[in-house]
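To start, the structure itself, in structure tokens.
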Amino acid sequence: MVYTFICFCLWLLGGVSGVYTDETEMISVMEGDTVTLHTGVTEIQRDEQILWTFRHNNSETHIVEIYKRIISIYDSGKKERFRGRLKIDEKTGSLTITNINTLHSGLYKLQVINERIEHKTFNIAVYGLLTVPVISDLLQNPSVSERSSGQKCSLVCSVLNVSDVTLSWYKGISVLSSISVSDLSISLSLPLEIQCLDDSYSCVVSYSFTNRTTHLNNTDLCHTCSDSVHCCGFSEAVIRLVISALVGVATVAVLVYDIKSGSIQYDRTRG
């Protein structure tokens, strides 16, 4: 740490030049992922010093220091935030964080100190795991217009305990409807009315960098238009039932006619 202080003083006096990168690399990951922050160094020189710091809620702490190729990892600290999660590439000084969680969201700063001081910053945002969206029947009394159409199926897609996500219905690759939320740990639902026996629909819950998808299986929900009054419309179901009844009556009539014809023919042969 004495060496760091000396270098800092020299930098203030103009003896050590500083190289800054105005851009901050934005990194989005999910809980449980592993992320590596690269130094850009090909190989650490013996007199080169590398410092990694972590800033969160206006509090900045050193987490790694490399000097004379000796690696010091400060991963205890308050709440032992990084215990057992930090790994350093001995050749390049790149920092790897394993099994990351939301406590590790924040700003990571790198200083490479030799004849000059080079700076890099990384902003890591850690998101909770995405749950798979669930598609189910939307149970409600159909309106007159819905009943008269006779071709619709009402569904709803739901996802639990999410934040900063978008929930969308797709038909093929086209977005039909969507809803976004930034609140913490809430449940989202998005209804949709579709045509029966059309399985090209899917529901997607997404972050900006990843998503989870559930494809609609109409055989499990809408069934067929012949066996689901609430799905495909009252009118069509009645028509199908009437047709079935007429077919049944016609079949019985044919059987009766055949039986009577057989009886008459039998009587004639006996006479």
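The values are calculated or read from the model by the stated rules, or taken from the named source; none is laboratory data. What you are looking at is a predicted structure, and each value in this text was computed from that prediction instead of being measured. Quick reminder, even Gly has a Cβ in these numbers, built from the backbone with ideal geometry, and neighbours come from all protein chains shown.
A few remarks follow.
- Val29 being surrounded by 19 or more Cβ atoms within 10 Å (Cβ to Cβ), among the aliphatic types (A, V, I, L, M), under 14 Å from Phe122 (Cβ atoms) and assigned by TED's automatic domain parsing to the domain that holds Ile113: yes
- Taken over the range 62-115, residues that are over 19 Å from Val35 (Cα atoms), assigned to a loop (DSSP other than H, G, I, E, B) and in contact with a strand residue (DSSP E or B) (Cβ under 8 Å, 6 or more places away or on another chain) amount to 3.
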